[in-house]
Amino acid sequence: MVDFLIVGTPKSGTTALQSYLSKHPEIFMPEFKELHFFGSEFKEKHSKYSKSLTTNEYSNLFKNGTTNQLKGEASVFYLYSNDAHIHIKSFNPEMKIIVCFRHPVDFLISYHQDALYVEIENEKDFWKALALENKRKKGACIPKTTSFIKSLYYSELIDYASHLKQYISTFGKENVKVVFLFEELISNPQKEYKSILNFLNVTDTDFSLEQFEKVNPRRNIKNKSINNLIKNPLPLPFRFLLRVFFPFQKLRLLIYNKIKTLNTDYSKVNTLSHLEKVKLQKDILPNIIHLEKVLETDLSVWKNKYI
């Protein structure tokens, strides 16, 4: 039985949180994120997020966990699915839900760059990408490499409150934990870590990590041509030669990952000026106020960040 899920959002600390929780002796999480087992959108054959897992295959991913460990996984687009929360409820009515949020302005900037890196987005200009949403909802200007179209609906991605309400109404507020990336997880990681452990009801809530390392920083492709070369299928003769010289799939995967790493840097792209951030915050202020009401929490630190 899976006991808890980190359901979103992207670029908001989910990878770091998975890493931190996996180190606790009373918690087991699979090595990989983004299983996206729940949600009808992720069952479609064209979806890059679908692993085509059966219920047994999904359950087997947790078989190395002991009976004394809580089991959990992280898939960042569960939050945006039309029906993932319903499927989760059917799978485990007592599921604990963790949602990670970051300031919407910072989220959009970071997410847009990462969307370019994983190639679900092809519009490099930040403002143009945001402006394409209405056309994309009509089926136009959608990159061929995009499999989950909602991943490009930027205004919906930061409508945190509406998505969160689905999970609160389904599982109850007592079973939904919201983590704020910079305000809690980064500024005071040990305190927030303990809060999450309390939420999950582990025995040892005083368990401490020696270091809360930074995980999954903003990424950028150095050379597009090299990236296309390793991602697109090679002509048959080259594939044959590749298998002759590197007969083991694990070795080929190791080489692929090494090239991918060497072709990645962590510079920032399309960093907005302060004035642009102020403008963006004014536009999305209703989203922050809406979330404030749903959580019954003062979010002045967000409302006053870019003024």
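The values are calculated or read from the model by the stated rules, or taken from the named source; none is laboratory data. Note that the structure is predicted; figures quoted are calculated from it, not measured. With ideal geometry, Cβ positions are generated from the backbone for all residues, glycine too; neighbour counts draw on all protein chains shown. SASA here: full protein model, heavy atoms, side chains in, ligands and nucleic acids out. Shrake-Rupley method; radii C 1.70, N 1.55, O 1.52, S 1.80 Å.
Dimensions of the range 1-145 based on its C-alpha atoms, expressed as ranges along the principal axes with the largest first, amount to 50, 30, 23 Å. A DSSP coil position with no more than 13 other Cβ atoms inside 10 Å describes the following trypsin sites (Lys or Arg not before Pro) in the range 102-166: K124, K138, K144. Rolling a 1.4 Å probe over the heavy atoms of the protein chains gives the range 117-201 an accessible area of 47 Å² per residue.
With the simple spin-label model, which puts each label point 7 Å out from Cα in the Cβ direction, the F32 to N82 separation comes to 2.7 nm.
These residues, T170, T203, go from largest to smallest accessible area, 1.4 Å probe, as T203, T170.
Ligands, DNA and RNA aside, F182 has an accessible area near 80 Å² when probed at 1.4 Å. Rounded to the nearest 10 square angstrom, F212 shows an accessible area of 50 square angstrom against a 1.4 Å probe. Label-to-label distance, S22 versus N175, with points set 7 angstrom from Cα along the beta-carbon direction: 2.6 nm. In the structure shown, the pairs K33/K124; K11/K305; K11/K165; K128/K150; K173/K194; K165/K303 are assessed against 24 Å; a Cα-Cα span above that value is assigned to K33/K124. Each Lys or Arg adds one and each Asp or Glu takes one away; over the other residues whose Cβ falls under 10 Å from the Cβ of Q69, this sums to -1.
Solvent-accessible area of D83, all protein chains in place: 30 Å² (probe radius 1.4 Å, heavy atoms, ligands and nucleic acids excluded). Scanning residues 5 or more positions from L53 or on other chains, none has an amide H under 5 Å from its amide H, with H placed 1.01 Å from N in the peptide plane. A cut-off of 5 Å between modelled amide H atoms, ignoring neighbours fewer than 5 places along the same chain, links V178 with V99.
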